[in-house]
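Since the structure comes first, as structure tokens, the remarks are kept for the end.
The values are calculated or read from the model by the stated rules, or taken from the named source; none is laboratory data. Being a predicted model, the structure only gives us computed values, none of them experimental. Heads up, the Cβs are rebuilt from the backbone with ideal geometry, glycines too, and the neighbour counts pull from every protein chain shown. Note: accessible area is taken over every heavy atom of the protein model, side chains too, but ligands, DNA and RNA are not part of it. Shrake-Rupley method; radii C 1.70, N 1.55, O 1.52, S 1.80 Å.
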Amino acid sequence: LVAIAPLPVAVSHFATGDIGTDLFGILALVALCRYARRPQGPVLFVAAACVGLAFSCKYNGALAGGALAIYVLLTDARPGRWGCLVRRGLLAAGGFVAGALAGTPALLLSYEQTVEDIATNFVNISEFGVPQEDLARSFPVRAYLGLTRNTTDIVAIMGWSVVLLALLGAVLAVTRYV
């Protein structure tokens, strides 16, 4: 249901890419939930591979990897667990690469050109519609301007009730975790 939700399609432009990104992002979260109940390496690998597939659909699909990274860091980033953290991190990185390669075969067929195209697209996406005087500013100033200019639009699109529910959910999740 999330994969066909109208919000991602309304926020961006390409419904087909968003559906794949949302679908694989949700599958990554489902696999992560299963992994959280019973940690097994193959399940973490599948979760990360789903993130790689989401990235292949649309670059912002890599953001789903944030949930995996946060979970692994919160469970393993402490003394006595560093080896486990490194192993799980490498397993997740391998899963991401496998998913990205499966979804973007051009990475295997023409690696240099594909990476160059991806890098060019990242620059185009980050600079799209940005005035030249803003591009000349320092990164912290650009980040501040981006947050202050875009937050009101995002809240307006999602509505205050959804934003407040999301914040409440985040507070409850952190409270429960702690």
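Worth a mention:
- Residue check, Tyr35 open to solvent by 40 Å² or more (accessible area, probe 1.4 Å) and either without any contact (Cβ under 8 Å) to a residue 40 or more places away in the chain or more than 24 Å from Val174 (Cβ to Cβ) (or both): no
- Sub-9 Å Cβ pairs linking a first residue in the stretch 158-177 that is under 16 Å from Ala67 (Cα atoms) to a second residue that is surrounded by 10 or more Cβ atoms within 10 Å (Cβ to Cβ) and modelled with pLDDT of 85 or more, at least 6 apart or interchain, are Tyr177/Leu74, ordered by first then second residue.
- Test: residue in the stretch 59-72 that is open to solvent by 40 Å² or more (accessible area, probe 1.4 Å), hydroxyl-bearing (Ser, Thr, Tyr) and not in a helix (DSSP H, G or I): no
- Extreme residue, most open to solvent (accessible area, probe 1.4 Å), among residues of the stretch 137-158 that are among the hydrophobic types (A, V, I, L, M, F, W, C) and within 15 Å of Glu127 (Cα to Cα): Phe139
- For the stretch 72-102, filtering for residues that are under 18 Å from the mean Cα position of the chain (by Cα) and without any contact (Cβ under 8 Å) to a residue 12 or more places away in the chain leaves 1.
- Boolean, Arg88 is part of a helix (DSSP H, G or I), within 17 Å of Tyr35 (Cα to Cα) and open to solvent by 30 Å² or more (accessible area, probe 1.4 Å): yes
- In the stretch 123-136, the qualifying residues are those that are in a helix (DSSP H, G or I) and of a type outside the set (Gly, Ala, Ser), and the one that is most open to solvent (accessible area, probe 1.4 Å) is Gln132.
- Test for Arg142: is it in a helix (DSSP H, G or I) and basic (Lys, Arg): yes
- Any chance Pro42 is part of a loop (DSSP other than H, G, I, E, B) and either touching an Asp or Glu at 6+ places or on another chain (Cβ under 8 Å) or surrounded by fewer than 13 Cβ atoms within 10 Å (Cβ to Cβ) (or both): no
- Single residue of Thr120, Thr104 found to be surrounded by fewer than 16 Cβ atoms within 10 Å (Cβ to Cβ), of a type outside the set (D, E, K, R) and more than 19 Å from Tyr35 (Cα to Cα): Thr120
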